[in-house]
Structures are given as structure tokens and as C-alpha cells.
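Chemist: The structure is given below, and queries will be raised subsequently.
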Amino acid sequence: MKFVVSIASLCLLAACATRPEDLGREPMMTPVGTGITVEREPLPHVFKNTLSTAPNSTWSNASADLFTSPRARQVGDIVTVNIQIDDKAQFDNASDRSRSSSIDAGLGYGFAFKGWQADGTADVGLDSSSSSTGQGTIDRSEKLRLSVAAIVTEVLPNGNVIISGSQEVRVNYEVRVLNIAGIVRPRDISPRNTIGYDKIAEARVSYGGRGRLMEVQQPAYGQQIFDAVTPF
């Protein structure tokens, strides 16, 4: 009886791919400011403070950009990130190895003692072989061109800044979500207060969505659970 109940529960879960709160309505959008919080590991202690000051000196490291347009460098400043990814990778690897060995050994014996004698032979053979064949192919092409405004969320001791931003666009019953986070050197920000994706260290870009189309493209919850627990 318990087995039947378990199977029935899995079937019900398999048919439920939509969150209950989204039934019969468009998917909810996250509150403004959700994308500012960056989940990251503590940075290593390699970002030392390079700002040096001297008594009675009017020079500061920020004066190096005195004659350029204001750029994002303080917490709360906004910078535009231009994401242009056009990557293509193709790999084709194959391996084939085999090994065989054979051992044959023979033994003959005979002896006699006070009229009693015995003789015989013994043969020992050992054969072994092993082989392995592997083949892998990767053919990937990615193209993404987007722009998103990010906010400076933290200033590191060496002057670099951590940026984070998100963007959500809802069309009918589908939400497109774009998240960006990483470490930026203020001098790499252009006078127009923009920066390219290739100048962001530890860049993390997430582009996807949620809604009705995403739900039909993904396996239902019950099917995912079944795939995770089935031993075959």
C-alpha cells in the first residue's frame, strides 16, 4: 500500500510543473534591489591599500582622472555594462588502448622410494586482456549582446569596485532575467561611464527567464525526482 501511495505521489508531482502561486496569472517579478546583493566567498587578503597620503599634500590618487568625465567609483554609483559574448568552441577527442598478456608454466615431477614411485605433470596458464575506447565531442556556440546598468556595491582596499546589477522584462507570461556581477577597475570605465564585459574580473553573467515557456521546456518536478533516485 505504501508503494502504491508513493507512486501516486510521484505521478501527481510529475504533473505539477507550475508553482501554485503562479497558476492562472503571470509570473511575479522580484522586488527592486534584489539583484544588488552579491553572493560570493570572502576575498583573499591580496587587495592591499595602495592609496598613500602625505602631510600637507593636495595630491590624491583620484586626481589622475581629474580631466575625464565622472565615472562610477563609489558605493551607489551606476555604470553601464556592455555584454558582447561571441564564443565558439569545438573539440573532438578519441582514445583507444588495449593490453594483453599470457603466462604459461609447466611442471613435471617423479620420485621413487623403496619400491614405491610416483610421477605426474602440472600445467598452469594465465591469460589476461584489457581494452578501453573513449570518444568525446564538444561543439558549442554562444552569442549574447546586451546592456545592463549595474550598481557599485563595494569598494575594495586597492580601489577596485564590485558591481552588481539585474534586469527583468516581462512580456505576457514570460519574464526575461539578466544578472551581472564582478570586479571592475575604475580606470577601465570609459568616459561615457560604460565598461565592456571582457574588462570585468570574476564576471558572473546569468541570462534566462521564467514563465510558461520555461515550464514546458523543463522536466516536471516528479520526473526530476524520479531521475535522481532511480538506480538504473
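Chemist: Search the stretch 150-164 for residues being in contact with a strand residue (DSSP E or B) (Cβ under 6 Å, 6 or more places away or on another chain) and surrounded by fewer than 16 Cβ atoms within 10 Å (Cβ to Cβ), and hand back the single one that is nearest to GLY76 (Cα to Cα).
Modeler: By that ranking, first place goes to GLU154.
Chemist: I would also like to ask the following. What is the residue count in the stretch 143-161 for residues that are under 20 Å from the mean Cα position of the chain (by Cα) and at pLDDT 90 or above?
Modeler: The number of residues fulfilling the criteria is 0.
Chemist: Taking GLN135 as meeting all but one of (1) closer than 19 Å to VAL205 by Cβ; (2) of a type outside the set (A, V, I, L, M); (3) surrounded by fewer than 18 Cβ atoms within 10 Å (Cβ to Cβ), write down the number of the exception.
Modeler: Here GLN135 meets the rest and fails (1).
Chemist: Could you list, in sequence order, all residues of the stretch 196-232 that are within 29 Å of ALA149 (Cβ to Cβ), open to solvent by 90 Å² or more (accessible area, probe 1.4 Å) and aromatic (Phe, Trp, Tyr)?
Modeler: Residue satisfying the conditions is TYR207 alone.
Chemist: Of all residues in the stretch 172-195, which are more than 18 Å from the chain's Cα centre (by Cα), open to solvent by 20 Å² or more (accessible area, probe 1.4 Å), under 21 Å from LYS143 (Cβ atoms) and of a type outside the set (Ser, Thr, Tyr)?
Modeler: If the condition is that a residue be more than 18 Å from the chain's Cα centre (by Cα), open to solvent by 20 Å² or more (accessible area, probe 1.4 Å), under 21 Å from LYS143 (Cβ atoms) and of a type outside the set (Ser, Thr, Tyr), then GLU174, ARG176 are the ones that fit.
Chemist: Of the residues that make up the stretch 134-142, is at least one assigned to a strand (DSSP E or B), at pLDDT 85 or above and charged (D, E, K, R)?
Modeler: Checked the stretch 134-142: no residue is assigned to a strand (DSSP E or B), at pLDDT 85 or above and charged (D, E, K, R).
The values are calculated or read from the model by the stated rules, or taken from the named source; none is laboratory data. Treat the numbers as computed from the prediction; the structure is a model and nothing was measured. Neighbour counts run over all protein chains shown; Cβ positions are idealised from the backbone, glycine included. What goes into the accessible areas is simple: the full protein's heavy atoms, side chains included, and nothing from ligands, DNA or RNA. Shrake-Rupley method; radii C 1.70, N 1.55, O 1.52, S 1.80 Å.
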